[in-house]
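Chemist: Below are the structure tokens for one structure; questions will follow.
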Amino acid sequence: MEKLFIVGLILHGCVADHYTTKPDFIKTCLKSDPNFDDCSKESVQRLFNALGPGLPDINLPPIDPLNIPKIRILQGEGPVNVNAALENVVVTGFGKTEVISSQVDSKNYAFFTRVRVPKMRIEGTYDLKGRILLIPLVGNGLCWFEPSNMSIDIISDVKLYEKDGFSFFNVTKVHVKYNIGGMKLHMSNLFDGISSLEDGTNAYLNSNWRPVSESLRPILSKTIEDILLDFMQQIFHNLPANFMIEDLKTHFTNNKKPRKGSD
Ligand SMILES: *[C@@H]1O[C@H](CO)[C@@H](O)[C@H](O)[C@H]1NC(C)=O
Ligand SMILES: *[C@@H]1O[C@H](CO)[C@@H](O)[C@H](O)[C@H]1NC(C)=O
């Protein structure tokens, strides 16, 4: 059982007004187009590019660098048994996200997105007590992790709803599966800074990066899912769905025609 709380990644969604005209960075696709998947890949790539520096119009902070005040990790069973907190977390690298493919389900509009993040760095202040790969670890101080060549498959469930005569995607669930090509990491001040133990442990964790990263998989997956869910909800509550997919079939009245009385 793992528990994870991301405290403080609160995006102030209710304050800003949603887009009422299509922003420049949006590429609109037609689901009926036989090349929809190619168009959609390009469209999602442009969206990621715009997210790097953030979208102040809808109060969306940058995703590169991404600041997370606090991540709390409690994981009680399995190869990882940790009680840890990461504070003042800065994640760099999402700005270079490459969209590999993008598909949208014809019936329920679920998004299937595959992206690649060539180089990511996660820095912060950790406070840790627990075991990873049977090694007891205790310490607090600065740390960094650098996963490389991360590919992420993202499945997003959406529900359509109507607001102010526009349709919007309500992103209800995000599920991710990821793979990484390598990982480097460093934790300063392990074991109260007994440097022989600290250096040896860091060297051990780095040379065993594969099982270390496997043992952190549930935690990392959940962290990525929480971050993506927050961002996607914030974007799609503010970006009318027809700006992305023009020929969306909704059970609402056609958005483009002003609604008439009761005829
Ligand atoms: C990145 O990973 C993919 C598979 O996930 C692999 O095909 C590709 O060669 C890797 N690229 C680099 C630069 O390591
Ligand atoms: C989005 O979906 C969630 C979960 O089904 C629901 O609680 C929420 O009210 C929905 N929001 C809107 C704006 O439809």
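The values are calculated or read from the model by the stated rules, or taken from the named source; none is laboratory data. None of the values given here were measured: they were computed from a predicted structure. Methodologically, a virtual Cβ is constructed for each residue, glycine included, from the backbone with ideal geometry; neighbour enumeration extends over all protein chains shown. Just so you know, the surface numbers come from the protein's heavy atoms only, side chains and all, with ligands and any DNA or RNA stripped out. Shrake-Rupley method; radii C 1.70, N 1.55, O 1.52, S 1.80 Å.
Chemist: For residues that are touching a strand residue (DSSP E or B) at 6+ places or on another chain (Cβ under 8 Å) and open to solvent by 20 Å² or more (accessible area, probe 1.4 Å), scanning just the range 21-33, find the one that is nearest to His237 (Cα to Cα).
Modeler: Among those residues, the one meeting the criterion is Thr28.
Chemist: Quick check on my filter: what residues within the range 34-54 are part of a loop (DSSP other than H, G, I, E, B), open to solvent by 30 Å² or more (accessible area, probe 1.4 Å) and within 18 Å of Ile235 (Cβ to Cβ)?
Modeler: Looking only at the range 34-54, we keep the residues that are part of a loop (DSSP other than H, G, I, E, B), and these are 34-35, 52-54.
Subsequent filtering for residues that are open to solvent by 30 Å² or more (accessible area, probe 1.4 Å) retains 34-35, 53.
Answer for the range 34-54, where residues must be part of a loop (DSSP other than H, G, I, E, B), open to solvent by 30 Å² or more (accessible area, probe 1.4 Å) and within 18 Å of Ile235 (Cβ to Cβ): just Pro53.
Chemist: Now for a separate question. Name the single residue, out of those in the range 145-188 being in contact with a helix residue (DSSP H, G or I) (Cβ under 9 Å, 6 or more places away or on another chain) and of a type in the set (Gly, Ala, Ser), that is nearest to Leu128 (Cα to Cα).
Modeler: Out of the qualifying residues, it is Ser188.
Chemist: To continue, here is another question. Among the residues of the range 104-139, which ones are more than 22 Å from Asn88 (Cα to Cα), touching a helix residue (DSSP H, G or I) at 6+ places or on another chain (Cβ under 9 Å) and either β-branched (Val, Ile, Thr) or within 16 Å of ligand 2 (Cβ to nearest atom) (or both)?
Modeler: Listed by number, the residues that qualify are Val104, Tyr109, Phe111, Thr113, Val115, Ile132, Ile135.
Chemist: Which one of these does Thr201 not meet: (1) without any contact (Cβ under 8 Å) to a residue 40 or more places away in the chain; (2) farther than 23 Å from Asp226 by Cβ?
Modeler: (1)
Residues are listed down the side, and each one gets a yes or a no for (1) in contact (Cβ under 8 Å) with a residue 24 or more places away in the chain; (2) aliphatic (A, V, I, L, M); (3) part of a strand (DSSP E or B):
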position	(1), (2), (3)
Phe168	yes, no, yes
Thr172	no, no, yes
His175	yes, no, yes
Ser196	no, no, no
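Chemist: Can you work out which of the residues in the range 169-205 that are within 23 Å of Ile219 (Cα to Cα), polar (S, T, N, Q) and away from ligand 1 (no atom under 16 Å from the Cβ) is surrounded by the fewest Cβ atoms within 10 Å (Cβ to Cβ)?
Modeler: Checked the range 169-205; the qualifying residue surrounded by the fewest Cβ atoms within 10 Å (Cβ to Cβ) is Thr172.
Chemist: Out of the residues in the range 181-198 that are on the phi < 0 side of the Ramachandran plot and over 32 Å from the mean Cα position of the chain (by Cα), state the one that is nearest to ligand 2 (Cβ to nearest atom).
Modeler: Leu197
Chemist: Additional query: Hey, among Lys96, Lys129, Lys70, Lys119, which residue is open to solvent by 50 Å² or more (accessible area, probe 1.4 Å) and either within 24 Å of Leu197 (Cα to Cα) or more than 16 Å from the chain's Cα centre (by Cα) (or both)?
Modeler: On the way: Lys96 fails: either within 24 Å of Leu197 (Cα to Cα) or more than 16 Å from the chain's Cα centre (by Cα) (or both); Lys70 fails: either within 24 Å of Leu197 (Cα to Cα) or more than 16 Å from the chain's Cα centre (by Cα) (or both); Lys119 fails: either within 24 Å of Leu197 (Cα to Cα) or more than 16 Å from the chain's Cα centre (by Cα) (or both).
Just a single option satisfies the conditions, and that option is Lys129.
Chemist: List every residue pair whose Cβ atoms sit under 6 Å apart, with the two residues 6 or more apart in sequence or on different chains, where the first one lies in the range 140-161 and is small (Gly, Ala, Ser) and more than 16 Å from ligand 2 (Cβ to nearest atom) and the second, anywhere, is part of a strand (DSSP E or B) and open to solvent by 40 Å² or more (accessible area, probe 1.4 Å).
Modeler: Listed by first residue and then by second, the contacts come to Ser148/Lys119; Ser151/Arg116; Ser151/Asn179.
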